[in-house]
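Inspection log for the structure reproduced underneath, given as structure tokens.
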Amino acid sequence: MPLIMFTAVFGLLLLGYPVAFTIGGVSLFFGLWGFGPDFFNLMPLRIWGTMKNFALMAVPLFIYMGVMLEKSGLAEDLLEAMALLFAKIRGGLAISVIFVGAIMGASTGIVGATVVTMGLLSVPTMLKNRYNKSLTTGTIAASGTLGQIIPPSIVLVLLGDIMNISIGDLFIAAVIPGFILVFLYMLYIVIIARLKPEWAPPIDQAFLDKFTTQELMTKISKALVPILLLMIAVLGSIFAGVASPTEAASFGAVGATLLTVMYGRFNKGIIREVATATTKLTCMVFIILIGATTLGLVFRGLNGDDLVRGLITSLPFGKFGILFIVMSIIFIAGFFLDFIEIIFIHVPVLAPIMVSLGVDPLWLAVLIAVNLQTSFLTPPFGFSLFYLKGVTPPEIKTMDIYKGIIPFVIIQIIGLIIICVFPETVTWLPKALY
């Protein structure tokens, strides 16, 4: 019965049924079938235990912070300033997109907002500067996913809750892997700009001559410093042990609002848009969470986790061979499912198996987070590709986007291998700080 339930969920999702209602509906059906009416006595207690989880309060607060920075135009200012900073370097415009993607990831954690914002601003500019279409789209789509691994990240918050790991420790552990990916992205841009200079030319000097050195420094400082200070305040308070992730998220939400006020962009329209977007995104996450909680309850009640554990541990590959299989399952699922679906459906089943084999749960969580980044980039259901296609001009074809993301998916796999081979990239910083 557990495998039939899991197959039903996966099949209905592939047919396009809504995630939250599919997970919840299938769970209710099999729960009633397997346990009878008594199932409804236990389910509310499990759902209430999830909904009152203090750590999950960070989700709407981080969403609010990211949406406020995007709607207020502060993210746009940052992108323009970074483009000027790296303008004289061949491929500098693409490097600036990656840099801003990292900064926005560290201040918002929202992939959709990052990809849409940079797509609207950067695609016309990069095409105007004669950048290759595939390189343009691949850079923007990939840099937008950096918010999945660079803390504070919604993915890390959800993984910490699902895997019973301290979210603060998970944020600290993800810092170095995040920077590794940023470095690999930038290294790829530098190499491709040297091998194929026509793909990534420098910005025209005539445009740069319009700004004096003083004007450039003022523009860059005004755009970069406030967001950097906000990022340092949010993450610094967590790393220093002054605040929990939820408390730091509330500080970040207030800080983003104050920055918007300081720049004179706060008005009723902004707060209405931010409140609406935050409510919609938060409701989506928590409705799926309720359905996933019910699914987990039924799956375990039907001994589904024992069945899967028996199947995987019986494989003659050893701990690291099984880790490879688990990572492959998550990677392949990313072609068809969203990261939230994978976290709530696959991780509760697969993660306990790896932990029981002696795998460090903190290291495993970061590996899963990096792996989940590919779910945003791999067709046919890569959401970053959909976000980007929706804001690109007609001359950008879907095939240009697909070609562009291939090198970055390979880079993410390389990054995943580096973290696998060198676990210290995850474990060193938490040990050093504590």
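The numbers here are math on the coordinates, done by the rules we state, and not lab data. The model shown is predicted, which means the values in this text are computed figures rather than measured ones. Backbone-built Cβ (ideal geometry, glycine too); neighbour counts: all protein chains shown.
Kirkwood Rh, Cα Rg: Rg to Rh for the stretch 22-104? Let's see the in-between values first.
On the way: Rg = 23.2 Å, Rh = 17.0 Å.
That ratio is 1.36, to two decimals.
To make sure I understand, if each residue's beta carbon is the centre and we count other beta carbons within 10 Å, what order do TYR263, TYR188 fall in, fewest to most? Don't jump to the answer; show the numbers that get you there.
Working: TYR263 15, TYR188 22.
Lowest count first: TYR263, TYR188.
I'm a student and want to see the number: the projected area of the Cα convex hull of the chain, averaged over all directions, in nm². Please report the intermediate quantities before stating the final value.
Values: hull surface 86.9 nm².
Answer in nm², one decimal: 21.7.
Just want the answer: with Cβ charges of +1 for Lys and Arg and -1 for Asp and Glu, which residue in MET82, GLY296, PRO423 is farthest toward the dipole's positive end in the chain?
MET82
If you take every residue apart from ALA200 with its C-beta less than 11 Å away from the C-beta of ALA200, what net charge results, scoring Lys and Arg +1 and Asp and Glu -1?
Working: positive: ARG90, ARG130, ARG194, LYS196; negative: GLU198.
Net charge around ALA200: +3.
Computed over the Cα atoms of the stretch 394-434, what is the ratio Rg over Rh, Rh following Kirkwood?
Working: Rg = 16.9 Å, Rh = 12.6 Å.
Answer for the stretch 394-434: 1.33.
Arrange the peptides 142-155, 346-359, 268-281 so that the one whose residues have, on average, the most other Cβ atoms within 10 Å appears first.
Descending packing order for the listed peptides: 142-155, 346-359, 268-281.
Any chance you could list P(r) for the stretch 186-288, counting all Cα-Cα pairs in 10 angstrom bins from zero, rounded to whole %?
Bin by bin from 0 Å, the calculated values are 12, 22, 28, 24, 13, 0.
Of the peptides 80-87, 217-224, 57-64, 392-399, how do they stack up when ordered by the mean number of other Cβ atoms within 10 Å, highest first? Don't skip to the end; give the middle numbers.
On the way: 80-87: 20.4, 217-224: 15.9, 57-64: 23.9, 392-399: 12.8.
By packing density, highest mean first, the sequence is 57-64, 80-87, 217-224, 392-399.
Before anything else, pin down the relative contact order of the chain: Cα pairs under 8 Å, at least 6 apart, normalised by residue count, whole percent. Mind showing how you got there, number by number?
Values: 618 pairs, mean separation 115.5, N = 434.
Here the relative contact order equals 27 percent.
Within 10 Å of each residue's Cβ, count the other Cβ atoms and sort ARG130, ARG265 from fewest upward.
Numbers: ARG130 11, ARG265 15.
Lowest to highest Cβ neighbour count: ARG130, ARG265.
With only Lys, Arg, Asp and Glu charged, each at its Cβ (+1 for the first two, -1 for the last two), find how big the charge dipole of the stretch 31-90 is about the Cα centre; round to the nearest 20 debye. If you can, show how the numbers build up before the last one.
Working: 5 positive and 5 negative charges, 33 e Å.
I would put it at about 160 debye.
Hey, what angle do you get for helix 304-313 against the long axis of the chain, alpha-carbon based, 0 to 90 degrees rounded to 10?
70 degrees
Give me the one-decimal Kirkwood hydrodynamic radius in Å for the stretch 218-262, with the sum taken over alpha-carbon pairs.
Details: mean 1/r = 0.0918 Å⁻¹.
Evaluated on the stretch 218-262, it is 10.9 Å.
What is the sum of charges around ASP169, taking Lys and Arg as +1, Asp and Glu as -1, for the other residues whose C-beta is under 14 Å from the C-beta of ASP169? Let's see the in-between values first.
Numbers: positive: LYS431; negative: ASP161, ASP360.
Residues close to ASP169 contribute a combined charge of -1.
Which order do the peptides 228-234, 371-377, 319-325 take when ranked by the mean count of other beta-carbon atoms within 10 Å per residue, highest first? Mind dumping the intermediate values first?
Values: 228-234: 18.1, 371-377: 26.1, 319-325: 14.4.
Output ranking for 228-234, 371-377, 319-325: 371-377, 228-234, 319-325.
Which value, in debye to the nearest 20, gives the size of the charge dipole of the chain about its Cα centre, when Lys and Arg are +1 and Asp and Glu are -1 at the Cβ? Each step should come with its number before you reach the end.
Working: 24 positive and 21 negative charges, 131 e Å.
The dipole magnitude comes to about 620 debye.
Run the helix sum for the chain: -39,500 (n - 2.57) per DSSP H stretch of 4+ residues, divided by residue count, reported at 222 nm to the nearest 500 deg cm²/dmol.
On the way: 23 runs with 332 residues, N = 434.
So the calculated ellipticity at 222 nm is -25000 deg cm²/dmol.
Among GLY318, VAL347, LEU184, whose Cα sits farthest toward the positive end of the charge dipole of the chain (+1 at Cβ of Lys/Arg, -1 at Cβ of Asp/Glu, about the Cα centre)?
Highest projection toward the positive end goes to LEU184.
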